[in-house]
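The values are calculated or read from the model by the stated rules, or taken from the named source; none is laboratory data. The structure displayed is predicted, hence computed values, not measured ones. In this analysis, Cβ positions are derived from the backbone assuming ideal geometry, glycine residues included, and neighbour counts consider all displayed protein chains. In case anyone asks, the SASA skips ligands and DNA or RNA and just uses the protein heavy atoms, side chains included. Shrake-Rupley method; radii C 1.70, N 1.55, O 1.52, S 1.80 Å.
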Amino acid sequence: MTDLAERALLPAGLRDILPPFAAFEAETVSRLMGVFARHGYDRVKPPMIEFEQSLGGEGAFRVMDPLTQRMMAVRSDMTPQVARIAATRLANDPRPLRLAYAGQVLQVKGTQLRAERQFGQVGVELIGATDAAAEAEILALCLESLEHVGLSGITVDLTLSKLVPAIIGEQNGDIWLRNALDHRDVGAVSAAGGETARLLTALIEAIGPADRALTRLQALDLPPAAQALRSRLVEVVALIRSALPGLTLTIDPVETRRFEYYTGVGFTIFSRRSAAEIGRGGRYLVHGEAGVGATLFMDTLMEILPKPEAPRRLYVPAGTDRQQAASFRDLGWVTINGLAAADDVAAEARRLRCSHVLQGGQPKEI
Amino acid sequence: MNRAEKLVLALPKGRILDEAMPLVRAAGIEPEPDFDNPKSRALRFSTNHPHIDIIRVRAFDVATFVAFGAAEIGIAGNDVLMEFDYPEIYAPLDLGIGKCHLAVAEPADLAGEDDPSRWSHIRVATKYPTITAKHFAQRGVQAECVKLNGAMELAPGLGLCRLIVDLVSTGSTLKANGLVEVERVAEISSRLIVNRTALKTRPEELAGWIERFREGAYGA
């Protein structure tokens, strides 16, 4: 490998984002955050790295703090940081507390579908709210912000990550049963036999469009803890239906992977344009306080957003009056300053990807 | 054609295909004639549905195509699903074909000679290193897996390992190679698999196909 090629190689799951995409991503983040801000979600900015015991979570890079000799972790998810802020420094702020955040996270490994180890999270938290209206508000807010940045074909999948544990018990050690549930493998689940297996099979068969799924779920004879979860789901679906009538809504009551953090209704945002998830969220209980939150994954989102039109670039030959160029920037032009006099101004402008040259006080197409 | 509207069905080459095709046809999907031409080098085939294509790939690759959403729907054994453990694959329907089981086997002349409860480490030849490692780890035994792609039965006799983990249907291959089955790891049959995202973003359509396969496999 040559010296330069060696320098170009990045570790797995990391990448340079180049023009124009770096600017487009920054602009998209600020538009999403703008929607959140207009709904009263105030931005917080936690540090990149903190003591591992306050961050918790798996999959974080760890380093030792030479000052305190305690372990620190680079954040792999910003949600616990926002929850910590809400529970500590903002403990005395009135509830419900509405917070928003945007930042980069780093994970020790990517997934099969998303190899990225570093990516941007943009999210909201509604803390200290127990009503089902909170789930509906967060979901509607996410969809409004995604539509605002031009995403189409959005569908939402709802889950109850504590439903299966309420049926088989939290301490279920059967790795094959869990595996079978993760794959919605009816054959393997029903092979386990018994009343529990019949119930779990029925749950898997309920997966699908929301209305059909709810009908099937309501026909099941569930243990009390699971009944409470189910009635919450019914309530949330009704609120979402009235807030977002046209939304394609599905229910998967067996979804538990990556929802370990959530205690109530959880949701995943998909788009027909991507095989990966756009965002995820749900109701949780952390530091003794109920909340609902959601996170959008910027890497997936940026891949499927319609690309913006490139701004018009205006070449300003060396020696042109600075005020002239400024007035065109105000009109939306990008101006490229010639640093030295060029023999062939048009050729120089083309070389620098400009479509126009500023001549005689006007942009002239080349 | 818009990628979002295309539906790709991934089928495994080989033994399972002969059992799977009647189910595919019963679901109302009829591939172009070239599909049945053994001389054809094509890998992708059109069907009687203009938006549905069939691809024919190796059994392990069916799972990979479906996991990444390159195919929305496929047919694969649960051995493949357990081995890869792709979170993006759902297996909502047991097709009841390709039945066999995954078993641990050892040379007949060694059987019963030592006490498995005293093992801390064993070497196993298998096509399924993940399943094998998990299976032995569950009882505190570290399995060093030697990945082979076929002819596992040769390995113990040539001193490569003591045990093998492999698919067993009649047991005649084991017997012919002086091996005996000592333990069943899992029952295997072929599943209809679907891509998780496809199931969630195109719920009615995918649920419709699952239902048609169910009717084909078990009657309406």
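Figures for the structure shown
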{"item": "Hits in the range B:82-115 - residues which are closer than 27 Å to residue B:182 by Cβ, within 13 Å of chain A (Cβ to nearest Cβ) and either open to solvent by less than 10 Å² (accessible area, probe 1.4 Å) or over 17 Å from the mean Cα position of the chain (by Cα) (or both)", "result": "B:98, B:102"}
{"item": "Wholly within the range A:270-366, helices (runs of 4 or more DSSP H) carrying at least 1 residues that are open to solvent by less than 10 Å² (accessible area, probe 1.4 Å), under 30 Å from residue A:155 (Cβ atoms) and of a type in the set (A, V, I, L, M)", "result": "A:298-304"}
{"item": "Check on residue A:125, touching a residue at least 24 places away in the same chain (Cβ under 8 Å), open to solvent by 10 Å² or more (accessible area, probe 1.4 Å) and among the charged types (D, E, K, R)", "result": "no"}
{"item": "Enumeration of residues in the range B:163-206 that are free of Cβ contacts under 8 Å to residues at least 60 places away in the same chain, within 9 Å of chain A (Cβ to nearest Cβ) and surrounded by fewer than 18 Cβ atoms within 10 Å (Cβ to Cβ)", "result": "B:204"}
{"item": "Lone unmet requirement of (1) modelled with pLDDT of 95 or more; (2) of a type in the set (D, E, K, R); (3) farther than 30 Å from residue B:53 by Cα for residue B:127", "result": "(3)"}
{"item": "Selection status of residue A:40, at pLDDT 95 or above, assigned to a loop (DSSP other than H, G, I, E, B) and within 24 Å of residue A:146 (Cβ to Cβ)", "result": "yes"}
{"item": "Elements of type strands (runs of 3 or more DSSP E) in the range B:105-217, at least 3 residues being closer than 30 Å to residue A:153 by Cα", "result": "B:190-195"}
{"item": "Qualifying positions in the range A:272-306 - more than 14 Å from chain B (Cβ to nearest Cβ), among the acidic types (Asp, Glu) and within 11 Å of the chain's Cα centre (by Cα)", "result": "A:299"}
{"item": "Failed criterion for residue A:215 (all others in (1) touching a Leu at 6+ places or on another chain (Cβ under 8 Å); (2) open to solvent by 60 Å² or more (accessible area, probe 1.4 Å) hold)", "result": "(1)"}
{"item": "Enumeration of residues in the range A:192-212 that are part of a helix (DSSP H, G or I), open to solvent by 10 Å² or more (accessible area, probe 1.4 Å) and more than 9 Å from every other protein chain (Cβ to nearest Cβ)", "result": "A:194, A:195, A:196, A:198, A:199, A:201, A:202, A:211"}
